[in-house]
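The values are calculated or read from the model by the stated rules, or taken from the named source; none is laboratory data. Every value quoted in this text rests on a predicted model; they were computed, and no experiment measured them. Reconstructed Cβ throughout: ideal geometry from the backbone, glycine too, with neighbour counts over all protein chains shown.
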Amino acid sequence: MSPSAQSKESAVPAASPASADPSKPAFDFLDLRAQFASIREEVMAAVTRVFESQHFILGSEVKLLEEEVAAKLGARFAVGCASGTDALILSLMAAGIGPGDEVITTPFSFIAAAGSIAHVGAKPVFVDIDLVTFNINPALIAAAITPRTRAIMPVHLFGLPADLDPILEIAKAKGLLVIEDATQAIGSHYNDRFIGTIGDFGCFSFFPSKNLGGAGDGGLITTNDPATAERLRMLRGHGSKKKYYHDILGTNSRLDALQAAVLRVKLPHLDSWAAGRQNRAERYRKLFEERGLTSFITSPPQPPAKFHHVYNQFTIRVLLRDDLRESLRTAGIPTEIYYPLCLHLQRAFRYLGYEPGALPVAEKASQEVLSLPVFPELKDAQQDLVVQSIAAFRTMRGGA
């Protein structure tokens, strides 16, 4: 794997020095080399510890990580697994959700949320989003509930918590589970509670591009119910409590000790890294205001006090998105589009019968969103270049 993060959701541009070659970015979209340099000795010591133990699957490193994450987030239990996608799938399996069931979720996210629902044989039911937050619109959820609905799966997109109070109220009234997809939002909180500990399940990803990223795939599930935690542990290990004795049908989704060791080094830095991202986000907003760009682009606003945003992505909206992205590319500015095609219009979900226009807010977002570099080590000069290049494009287009 390249030292620069590569994301399943969208490839992260590889690093290259500033160059006159417009095909090469002037800097990384996400620079994990800079992060690694600050913790290199600790990481290498942790990795060496695991190699010397020769215990690579689960074991003490994973158990300690689970305890440390649970303590950090205020959850009673945490269960490590092989990926964020598996965290979602295992949660659905633990809840007994399968064929004939429906789960409400968002059409504007990575495919893992809806894909996990389909994977267990249930039906994803898409509800449109709020254009300001990019998260599922709680006001539209009740109308999507049917007698077959078993759960709601909100995604805390880009590091911003979904508005959980109304979602939880609906779920309680209808007897539904809430499975939080927190794969992009570890460390964010809502009403002073960490996301992932508010619903029935919290699902996290440790993919390298996440705010708390490992050196490969990894995931974790939080729950406050001891029976659910025990079932999750069985499900991740082929349904077994005792070796070679299988009480239920599970799967193989165990967290590697190497990943857990790396993550244990990184976990104490999570808050300071989030603060760095928040600083870069606020500086973007300030620079946009100074440059008079607020009528040209829509940047994510400072959220209300009860929403704590950790900015896994800083995503703007602009009508001339594709033209702007090409202009930034030629200026050496890396960007990403999360997400260019809504899930309800993906070929994989054609069987659900959604047509273009069915979820107009999400479809509008997919045509306008553009994510800018936002990582703690992003330099002022690099950020200035991003904003200057946007301003130059706006001027070139006649202030359009």
Residues of region 235-288 that turn out to be of a type in the set (S, T, Y), part of a loop (DSSP other than H, G, I, E, B) and free of Cβ contacts under 8 Å to residues at least 40 places away in the same chain, as a count: 1
Test G216 against the criterion of being over 17 Å from E68 (Cα atoms), out of contact with any Ser or Thr (no Cβ under 9 Å at 6 or more places or on another chain), touching a residue at least 40 places away in the same chain (Cβ under 8 Å) and small (G, A, S), and give yes or no. yes
Residues of region 162-208 being part of a loop (DSSP other than H, G, I, E, B), of a type in the set (S, T, Y) and crowded, with 23+ Cβ neighbours inside 10 Å, in sequence order, are T183, S188
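Just name the residue that is nearest to S272 (Cα to Cα) out of those in region 209-234 that are assigned to a loop (DSSP other than H, G, I, E, B) and small (G, A, S).
Top of the filtered list is G213.
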Could you list all residues from region 9-39 that are at pLDDT below 50 and among the charged types (D, E, K, R)? E9
In this structure, does F158 turn out to be in contact (Cβ under 8 Å) with a residue 12 or more places away in the chain, crowded, with 23+ Cβ neighbours inside 10 Å and on the phi > 0 side of the Ramachandran plot? yes
Checking the condition outside the structural domain of Q388 (by TED's automatic domain parsing) and within 24 Å of C203 (Cα to Cα), which residue from T228, T315 passes? T228
Any pair with Cβ under 7 angstrom, 6 or more apart, that starts in region 129-143 at a residue that is among the acidic types (D, E) and ends at one that is at pLDDT 95 or above: D130/N137
Go through the residues of region 196-213 one by one and say whether even a single one is in contact with a Pro (Cβ under 7 Å, 6 or more places away or on another chain) and assigned by TED's automatic domain parsing to the domain that holds R76. no
Please list, ordered by first then second residue, the pairs with beta carbon atoms under 7 Å, 6 or more apart or interchain, first in region 58-87 and within 20 Å of L270 (Cα to Cα) and touching a residue at least 12 places away in the same chain (Cβ under 8 Å), second among the aromatic types (F, W, Y) and surrounded by fewer than 21 Cβ atoms within 10 Å (Cβ to Cβ). A70/F77
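A quick yes/no check of all residues on (1) out of contact with any His (no Cβ under 8 Å at 6 or more places or on another chain); (2) surrounded by 19 or more Cβ atoms within 10 Å (Cβ to Cβ):
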| site | (1), (2) |
| --- | --- |
| E52 | yes, no |
| E61 | no, yes |
| A70 | yes, yes |
| V132 | yes, no |
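Please pick out the residue among A113, A143, A122, A173 that is closer than 22 Å to V361 by Cα, in contact with a helix residue (DSSP H, G or I) (Cβ under 9 Å, 6 or more places away or on another chain) and at pLDDT 95 or above.
Going through A113, A143, A122, A173 in turn, just one is closer than 22 Å to V361 by Cα, in contact with a helix residue (DSSP H, G or I) (Cβ under 9 Å, 6 or more places away or on another chain) and at pLDDT 95 or above: A113.
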Could you grab the pairs with beta carbons closer than 6 Å, sequence gap of 6+ or different chains, first residue in region 161-172 and closer than 16 Å to T183 by Cα, second one crowded, with 23+ Cβ neighbours inside 10 Å and of a type in the set (G, A, S)? P161/S188
